[in-house]
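The values are calculated or read from the model by the stated rules, or taken from the named source; none is laboratory data. Since this is a predicted model, take the numbers as computed values, not measurements. Remember, those area values only see protein heavy atoms, side chains included, never the ligands or the DNA or RNA. Shrake-Rupley method; radii C 1.70, N 1.55, O 1.52, S 1.80 Å.
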Amino acid sequence: MSKLNTFQSSLLDEAVRQAMKSWDEGGIPIGAAIGSERTGIVGAGHNQRVQTGDSTAHAEIDAFRKAGRRNDWFSMTLASTLSPCVMCTGATLLHRVPIVIIGEHNTFMGAEDLMRERGVELIVADDPRCIELMERFIDQRPELWNEDIGEPGAKGET
């Protein structure tokens, strides 16, 4: 995590706390946090797809919702424990967030190319906490992994 400055590390730390919150609730352990050095963290959220039955209740979307209406998105950084999917990438691009910290992209590679094409700076932290959490989730809850972002026909699919 030496790639991150102090504020970026605090964003990722909050995203990890959010991921653990979802895990503790029986959900998918993905967390996100958004903010800037000037404002601090303005929104943090966790994946609540299992808890709410809402297939769009991803961590990044939850963090954007909690941040509320703003006119300073262009100055924000988004941290997510997992590489953002195409839906969350779309929300990031819509809000013109210029920097995204990705906890890990070993278990799932989201729409990183699209973000790069649109000028978003990506910082892949390769955070061991994020990697361990997703690997444990995939191993222990393969049916949930495959329901949302896993591979069709993979381990645990019925």
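Express as a percent, rounded to the nearest 5, the fraction of DSSP beta bridges in the chain (both residues included) that run antiparallel.
Details: 10 of 18 bridges.
So the antiparallel bridges amount to about 55 percent of the total.
Ranked from largest to smallest solvent-accessible area, with a 1.4 Å probe on the protein heavy atoms, Ser22, Ser55, Ser9 come out as Ser55, Ser9, Ser22. Taking each residue as 0.36 nm, the span from Leu93 to Arg69 lengthens on full extension beyond its C-alpha to C-alpha distance by 7.1 nm. Across the alpha-carbon atoms of the range 59-102, the computed radius of gyration and Dmax are 9.4, 26 angstrom.
Accessible area per residue was computed with a 1.4 Å probe on protein heavy atoms; Thr56 scores about 50 Å². With semi-axes defined as the square roots of five times the eigenvalues of the C-alpha gyration tensor, the equivalent ellipsoid of the range 1-145 measures 22, 16, 15 Å, largest first.
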